[in-house]
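> My structure is below; once you've seen it, I'll send some questions.
The values are calculated or read from the model by the stated rules, or taken from the named source; none is laboratory data. Owing to the predicted nature of the structure, the values given are computational and were not obtained by experimental measurement. Neighbour counts run over all protein chains shown; Cβ positions are idealised from the backbone, glycine included.
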């Protein structure tokens with residue numbers, strides 16, 4: 001499952017918030033950071049893998065979350081980024 005949004009944050013802010021959110025047991029989808037680089041972070045969770053990328057696009061940042069299974073915590077995280085508008089389906 002892949003979900004995308006445009007957010008009014010920098011890619012660095014998105015990745016920092018993702019690491020804070022998805023390593024917290026309160027998220028309901030918590031895991032460990034297993035890989036990260038410029039504009040992306042990947043987590044291992046008990047539900048599988050979660051990858052988040054953040055790429056500058058004009059005045060916004062395109063945020064993409066990819067995982068094998070849907071989990072409501074992903075939508076909650078994306079909503080927390082103060083979404084400007086939904087990105088078109090790829």
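> If you check residue 41 against the conditions, is it within 9 Å of the chain's Cα centre (by Cα) and surrounded by 13 or more Cβ atoms within 10 Å (Cβ to Cβ)?
It is true that residue 41 is within 9 Å of the chain's Cα centre (by Cα) and surrounded by 13 or more Cβ atoms within 10 Å (Cβ to Cβ).
> Is it true that some residue in segment 58-65 is over 17 Å from residue 5 (Cβ atoms), at pLDDT 95 or above and either crowded, with 19+ Cβ neighbours inside 10 Å or in contact with a strand residue (DSSP E or B) (Cβ under 9 Å, 6 or more places away or on another chain) (or both)?
Within segment 58-65, not a single residue is over 17 Å from residue 5 (Cβ atoms), at pLDDT 95 or above and either crowded, with 19+ Cβ neighbours inside 10 Å or in contact with a strand residue (DSSP E or B) (Cβ under 9 Å, 6 or more places away or on another chain) (or both).
> Answer with yes or no whether residue 55 is in a strand (DSSP E or B), surrounded by fewer than 15 Cβ atoms within 10 Å (Cβ to Cβ), at pLDDT 90 or above and more than 9 Å from the chain's Cα centre (by Cα).
yes
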